[in-house]
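Q: A single structure is presented below for examination.
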Amino acid sequence: MPDAAGAALLGCCAGWALLCAAGRDARPEGVLLAVLAVAAGYACGRIGGSLLPTAAPAGAALAGLGSLLLSPAFPLPDPSASVSAGRVGAEAALAVLASGAACCAAWAAKNARSRRLLHALVPAVAAAALATGSPAGCAAALGVLLCSLAAGRVRRRLPVLAALAAAAAAVVGAVWAVAGGALPAALERPLQEPLTSQRIVLWREAVALAAEHPVRGAGPDRFGALNRAAEQGAAPDGKPHSAPLQTAAEQGVPGVLLLGAAFGWVLLALYRSPRPTPVVLAAGAALTGLAAVASVGSALSFNQITMGAGLLVGLATAGEGWDVP
């Protein structure tokens, strides 16, 4: 059932992007590539996790660590951009995904020594994220590790997955409150420095575009051309640096609902997964961290990240198979 629901949901995401682009000078290719990357990563994760339940996630974690060490791992969406917020967000997301894969591998290991060694990869990932200038990635990686260690004592996954869903919803709600100017000044002022006033301007412009085009949005990949903040040089890469707000601006309310449904499908697939509960919860913590990073950055604009997310879901939901000794 989760596989059928996922296939239908990804098809709806692709179809809605095409519908939002119809009759406009819009470019839905980015959304279509992201959908394809998630599907490809998920398929590879299911196959690899079934054949090599420990080695496959361990290899994914090492690949993520290697990418961080070779940072900058990804080019900016626009090479002429004067800010590196897009790349920093991608590096934070990469650190979260690599940490989640390492923790999944640790809980899939057959002995305590291997488990400790694989968990030890996470501090290395956190250090690499910090060295590349991503303290948020470092903190998120360590947070995934703490959640993974706590998951070893959990027997029922449903309450924890529900808490993760509530945490992701709280982050998105906070972002929307900041963008809509709904927070009191006393609460908003401390957020201006970590978020930067430039990003808050972009968020508010995304909300304004969403209000003008609530159903079909302004069209995929049109935020950079239509937002008025671009005249002040506030959007050099054409992104509002928030996945839900960009979706609202470019694909309307139905696009946001589809994005939320995609995260709900991830949690459903994890709930129904045959893998051990600690593996499932470690992956869930990492994917919730990715959702938080994507809510305040442009992480999902990089197909490497969306494919990595699909890969982690596939690894955590694969059936039992054989592994190397």
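Q: Given an 8 Å cut-off on Cα distances and at least 6 residues of separation, report the relative contact order of the stretch 109-233 as a percent.
A: Working: 46 pairs, mean separation 16.2, N = 125.
Dividing the mean separation by the residue count of the stretch 109-233 yields 13 percent.
Q: For the peptides 207-216, 154-163, 276-285, what is the packing order when you average, over each peptide's residues, the other Cβ atoms within 10 Å and list the highest mean first? If you can, show how the numbers build up before the last one.
A: Values: 207-216: 16.7, 154-163: 12.9, 276-285: 25.6.
Highest to lowest by the protection proxy: 276-285, 207-216, 154-163.
Q: How are the alpha carbon pair distances in the stretch 100-169 distributed across 10 Å bins from zero to the largest one, expressed in percent?
A: 20, 44, 31, 5
Q: Carbon and sulfur atoms: what percent of the 1.4 Å accessible area of the chain do they account for? Can you show the working numbers first?
A: Values: 9440 of 14040 Å².
Its accessible area is 67 percent carbon and sulfur atoms.
Q: Add +1 for every Lys or Arg and -1 for every Asp or Glu among the other residues with Cβ under 15 Å from the Cβ of Ala285, and state the total. Walk me through the intermediate numbers first.
A: Details: positive: Arg153, Arg157, Arg275; negative: none.
Every neighbour counted, the sum reads +3.
Q: Ok, one more. Under a 1.4 Å probe, what is the accessible area of the chain per residue, stated in Å²?
A: Dividing the accessible area of the chain by its residue count gives 43 Å².
Q: Once the dipole of the stretch 105-180 is set up with Lys and Arg at +1 and Asp and Glu at -1 on Cβ about the Cα centre, which of Ala167, Ala112, Ala126 lies farthest towards its positive end?
A: The listed residue farthest towards the positive side: Ala112.
Q: A further question follows. For the stretch 20-75, just say rounded, prolate or oblate: build the C-alpha gyration tensor, square-root its eigenvalues into a ≥ b ≥ c, call rounded for a/c under 1.5, and beyond that prolate if a/b exceeds b/c, oblate if not.
A: Details: a/c = 7.64, a/b = 1.67, b/c = 4.57.
Verdict is oblate for the stretch 20-75.
Q: A follow-up question, please. Where does the chain land at 222 nm, in deg cm²/dmol rounded to the nearest 500, when only DSSP H runs of n ≥ 4 count, each adding -39500 (n - 2.57), divided by all residues? Don't skip to the end; give the middle numbers.
A: Numbers: 14 runs with 235 residues, N = 325.
Here the helix-only value at 222 nm equals -24000 deg cm²/dmol.
Q: Sorted by accessible area (1.4 Å probe), largest first, how do Arg113, Arg153, Arg189 line up?
A: Values: Arg113 175, Arg153 210, Arg189 150 Å².
Accessible-area ranking of Arg113, Arg153, Arg189, largest first: Arg153, Arg113, Arg189.
Q: Continuing with the same structure: Would the stretch 240-325 count as rounded, prolate or oblate if I go by the C-alpha gyration tensor, calling it rounded below 1.5 in a/c and otherwise prolate when a/b exceeds b/c, oblate otherwise?
A: Values: a/c = 2.71, a/b = 2.06, b/c = 1.31.
Since a/c reaches 1.5 and a/b is larger than b/c, the shape of the stretch 240-325 is classed as prolate.
Q: Taking every pair of alpha-carbon atoms in the chain, what share in percent sits in each 10 Å bin, from 0 to the bin with the longest distance?
A: Taking all Cα pairs of the chain, the binned fractions are 6, 28, 35, 23, 7, 1 percent.
The values are calculated or read from the model by the stated rules, or taken from the named source; none is laboratory data. Since the structure is predicted, the reported quantities are computational estimates derived from the model, not experimental observations. Note that we place each Cβ from the backbone using ideal geometry, even for glycine, and neighbour counts take in every protein chain shown. Heads up: the accessible areas ignore ligands, DNA and RNA and are worked out on the full protein's heavy atoms, side chains in. Shrake-Rupley method; radii C 1.70, N 1.55, O 1.52, S 1.80 Å.
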